[in-house]
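Written below as C-alpha cells is the structure these notes are about.
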Amino acid sequence: MLVDATVLVTGASSGIGQACAHSFAARGANLVLCARRGERLEQLAGELDAEVTVLELDVRDREAVTEQLAPFDQVDVLVNNAGLAAGKGPLQEGDFDHWDRMIDTNVTGLLNVTRTVVPGMVARGSGHVVNIGSIAGRDTYPGGAVYCASKAAVDRITRGLRMDLLGTGVKVSTVDPGLVETEFSVVRFEGDTDKVNKVYEGIDPLTAEDIAETVTWVADRPPNVQVTEVVVLAAEQATATMVHRG
Ligand code: NDP
Ligand code: 8X3
C-alpha cells in the first residue's frame, strides 16, 4: 500500500526520522524529507532508491512551513517526528531558552506542519498522520517536566486531531518510544559524553530502525484499520523511570 505513496518525514536528518526514510523507501514510497541540516538530507537522498524531495526547513518557522509545504498537497503519510529535548534539571532552575526550543519544536512545530499538510488529505478523503510521541508523554521523570509536558501535548493533539478528522478518511496515530539510542541525548546534553553514555548505560536500547519499523507498520495497515497508539520500550525498560541496568 505504500508503493508510490508520498510520505513526508520531518526531522529526517538523523535518528528515527532518517531510519523512517530508509524504511518507507524500501517499501516503494516517494519521500519529502525535512530538517534544518539540508546537507545531511542531500546525503540521505543519495542513499535512497526512491523519488526524494529535500526541504531545508525549521518546523518552528510558521511562514517557511506554510510556504515550503504548500506545493505538497498530495501527502499520503505525514510523520511528525522533528523534536528534541534540551537540558534536564529542576524546573525551578530551568533555562528559558531550553523551554522555548522544546515547546516551539515539539508542540508548535508539529502543529505548524499538521495545519499545513492535513487539509490536502481531507480534500482527497484519505491520508495518515503518524506523530512521534514518547513514553515521556505518558509518564514524567525528575528534571524532565517541560520535555514530558511537550510530549503529553503531542498525545492530546493526536487524540483531538483524530476526533476532528472523524469521517474524513484521514487516520491519526502516535508511536511512543522509550529509550532509543540516537543523537537525542547528544542534543539534550550538548555533547556531554559522560551524561550521554549514562542514559544508555547497562541496557540494550532501542534503535532508530526499531521505531521506523513500527512507524512503517502503522502506516501500512489496510484502509479499514487505524492503529491509534503504539508504545515501544526497550526490553529492560518498564516505565519512563524504571530501567533495569545489568
Ligand atoms: P535525533 O536528535 O537523532 O533527531 C531529531 C531530528 O529532529 C533531527 O533530524 C533534527 O534535524 C530534527 N529537528 C530538530 N529540531 C528541528 C526543527 N526545529 N525543525 C526541523 N527539524 C528539527 O533524535 P531522535 O531521532 O531520537 O528524535 C526524533 C523524535 O523522537 C523526537 O520527536 C523525539 O522527541 C522522539 N523520541 C525520541 C526518543 C529517544 O530516546 N531517542 C524516545 C521517544 C521519542 P535538524 O537538527 O537537522 O533540524
Ligand atoms: C525520549 C525518551 O525517556 O529519554 O522521549 O525522555 S526519554
- [ ] First check a/c for the stretch 33-79, with a ≥ b ≥ c the square roots of the eigenvalues of its C-alpha gyration tensor; if it is under 1.5, answer rounded, and if not, answer prolate when a/b is larger than b/c or oblate otherwise.
- [x] oblate
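Within 11 Å, Cβ to Cβ, of residue 148, how many net charges do the neighbouring residues add up to if Lys/Arg are +1 and Asp/Glu are -1? Show your work: numbers first, answer last.
On the way: positive: 88, 138, 151; negative: 139, 155.
Counting the neighbours of residue 148, the net charge comes to +1.
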Task: Cut-off 11 Å between beta-carbons: net charge of the residues surrounding residue 175, Lys and Arg +1, Asp and Glu -1 - done: -4
Task: Theoretical gain in end-to-end length, residue 97 to residue 141 [0.36 nm per residue, Cα-Cα removed] - done: 13.8 nm
Open item on the list: Amide H of residue 236 versus every other amide H placed in the peptide plane: which residues, excluding those fewer than 5 positions away on the same chain, fall under 5 Å?
Closed with: 204
Task: the chain: calculated mean residue ellipticity at 222 nm from DSSP helix runs of at least 4, using -39500 (n - 2.57) - done: -12000 deg cm²/dmol
Task: Under-5 Å amide H pairs with residue 176, H placed in peptide plane, nonlocal only - done: 133, 230, 231, 232
Task: Value of Rg to Rh for the chain (Rh from inverse mean 1/r over Cα pairs, i.e. Kirkwood) - done: 0.95
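Is the stretch 96-138 rounded, prolate or oblate when judged by the Cα gyration tensor, a ≥ b ≥ c being the square roots of its eigenvalues, rounded requiring a/c under 1.5 and prolate requiring a/b larger than b/c? Working shown, then result.
Details: a/c = 5.79, a/b = 1.91, b/c = 3.03.
Oblate shape, in that a/c is at least 1.5 and b/c is the bigger or equal ratio.
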Task: Note, ³J(HN,Hα) from phi for the stretch 78-93, Karplus 6.51, -1.76, 1.60, rounded to Hz, x at Gly and Pro - done: 10, 9, 7, 10, 3, x, 6, 10, 10, x, 8, x, x, 4, 5, 10
Task: Two-site label geometry, residue 224 and residue 201: point separation in nm, points 7 Å out along Cα→Cβ - done: 5.2 nm
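With the contact rule set at Cα under 8 Å and sequence spacing of 6 or more, what percent relative contact order holds for the chain?
So the answer I get is 20 percent.
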Open item on the list: Students often forget the sequence filter, so: which lysines lie under 16 Å Cα-Cα from residue 198 once same-chain residues fewer than 8 apart are removed?
Closed with: 88
Task: Net charge of Cβ neighbours under 11 Å - reference residue 59; Lys, Arg +1; Asp, Glu -1 - done: 0
- [ ] Report the residue, chosen from 11, 169, 127, that carries the largest GNM mean-square fluctuation when the chain is represented by alpha-carbon nodes joined by springs under 10 Å.
- [x] 169
Task: the chain - share of DSSP beta bridges that are antiparallel (%, nearest 5) - done: 5 percent
Open item on the list: Taking a ≥ b ≥ c as the square roots of the Cα gyration tensor eigenvalues, with a/c under 1.5 meaning rounded and otherwise prolate when a/b beats b/c, else oblate, which class fits the stretch 85-209?
Closed with: prolate
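Using Cα pairs under 8 angstrom and six or more residues apart, how large is the relative contact order of the stretch 127-180, in percent? Kindly include the intermediate steps, with their values, before the conclusion.
On the way: 69 pairs, mean separation 28.8, N = 54.
RCO, the stretch 127-180: 53 percent.
Where a number appears in this text, it was derived from the coordinates with a stated rule and is not lab data. Predicted model only: the values in this text are computed from it and were never measured. Positions of Cβ are generated from backbone atoms using ideal geometry, with glycine treated the same way; all protein chains shown enter the neighbour counts.
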